[in-house]
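One structure is given here, and the rest of the page talks about it.
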Amino acid sequence: MTDLPPPRSLNLIERGFLKVLPKLSESIEGYYIAFGEEIIRTHGLLGFFRWAKLTGSTQQGTRDHFGVQRQHLLSAFASMWNGCDYCAHGNILAHNLFMFRDENKLFPVTEEMLLDMHRWKDDEILAEVQRLLADDFKEELRLIERQWQLKSTMEEPDNEEDRQLWLSVRQYDFINECSIVVDAPAPPFNHIAKDTEVRARYAKARAASSNGTS
Amino acid sequence: MSAPPNIEDRDGILWITLTGELTKEGGEEYRVALEKYLDGVSRLASVCVDLRDLTGCSVFARSELITAQRLLKDLGARTCYLASRPRIRGLGLWVGHISEDENAKSVITLEKAKEWWDSSLGREESARQALMSRGRLR
């Protein structure tokens, strides 16, 4: 059996930065992405900031167009199609928390379900998502289907919405390069992570729903 | 349990097929078979690692995939991991990243594989440039 190659060692400044980054990120954003170290290992410290600027501006574009809730939905599916369960989990959890807080609804695609779907074939995933969303979540389904089309075919963006969907896919092609080294579960990838009251109510509602009492 | 790996030339493309659940032994068998196949080969252009019928991969087999990918990288190959399950595409991405082979990429369809073989940008660089272009309308 061959051994995995050792990862590049971090220098003193990089190690120092990584010591403060999780606490800083958690206090400002409410969460920390576990692959911060891999971004620095891959791109270096300056590259880390360029990475954050590029992904941040693309994410803002998707958010401006679709709203924060759907931006997380699209990010979750873009990550799942790439096989990154960590980002898929962090984004679907953020989406589901927003939907619960703002619309008092439980999205039929749960965090656990999305993780499980990573093992399925693409057509099985699409069929199940269609079954779950067809009645009451038509707009979410339409966006997921169109995003998949732009991801899996040679079709090019045809309008502004398409362009944003295409960018949502490409963004995670870029992000998942580093995030693929970590595994789910992930925290919600949004400030909503700080809202412990909503998170507790959501967890309780999910548990009640899965027990058939809601 | 995985079936023995199949390695063959298909119209100038080195086509590697792995199926079933890739175990530690299956991973070793693949790496050894690839080493044998590539013995004496000095240059490779396009490679397809067809994982459409691969259902899983043990953690012990993963290091063998890395070693195999480094062999392909050293020969200058442009590799596609063709997969129909997200988890397996994630495996292909992980192999490309850990083996530091920018010319290895997971794809969903054969059409996307052909596009990759015909291009020259690295995996991450192509994703970065796509983002920086902000997307163009047809």
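Every number here is computed from the coordinates shown, using simple stated rules; none is lab data. Since we're looking at a predicted model, the values are computed, not measured. Glycine gets a Cβ as well: all are built from the backbone with ideal geometry, and neighbour counts include every protein chain shown.
Step by step: first the residues of region B:69-106, then only those that are hydroxyl-bearing (Ser, Thr, Tyr) and more than 8 Å from chain A (Cβ to nearest Cβ), then the one that is nearest to B:Val41 (Cα to Cα). Which residue is that?
B:Thr79
Go through region A:103-149 and count every residue that is more than 14 Å from chain B (Cβ to nearest Cβ), farther than 22 Å from A:Pro187 by Cβ, more than 18 Å from the chain's Cα centre (by Cα) and assigned to a helix (DSSP H, G or I).
Here the count works out to 7.
For region A:137-165, give me each residue that is touching a residue at least 40 places away in the same chain (Cβ under 8 Å) and in contact with a helix residue (DSSP H, G or I) (Cβ under 6 Å, 6 or more places away or on another chain).
If the condition is that a residue be touching a residue at least 40 places away in the same chain (Cβ under 8 Å) and in contact with a helix residue (DSSP H, G or I) (Cβ under 6 Å, 6 or more places away or on another chain), then A:Glu140, A:Ile144, A:Gln147, A:Lys151, A:Gln164, A:Leu165 are the ones that fit.
I want to confirm something. Restricting to region B:107-128 and keeping residues that are out of contact with any helix residue (DSSP H, G or I) (no Cβ under 7 Å at 6 or more places or on another chain) and at the interface with chain A (Cβ under 9 Å from one of its Cβ atoms), which single residue is nearest to A:Glu177 (Cα to Cα)?
B:Ser126
Tell me which of these A:Ile39 doesn't satisfy, since it passes every other one: (1) under 18 Å from the mean Cα position of the chain (by Cα); (2) surrounded by fewer than 19 Cβ atoms within 10 Å (Cβ to Cβ); (3) β-branched (Val, Ile, Thr).
Going through the list (1) under 18 Å from the mean Cα position of the chain (by Cα); (2) surrounded by fewer than 19 Cβ atoms within 10 Å (Cβ to Cβ); (3) β-branched (Val, Ile, Thr), A:Ile39 breaks only (2).
Of all residues in region A:59-88, how many are surrounded by fewer than 23 Cβ atoms within 10 Å (Cβ to Cβ) and among the acidic types (Asp, Glu)?
Residues in region A:59-88 being surrounded by fewer than 23 Cβ atoms within 10 Å (Cβ to Cβ) and among the acidic types (Asp, Glu): 1 in total.
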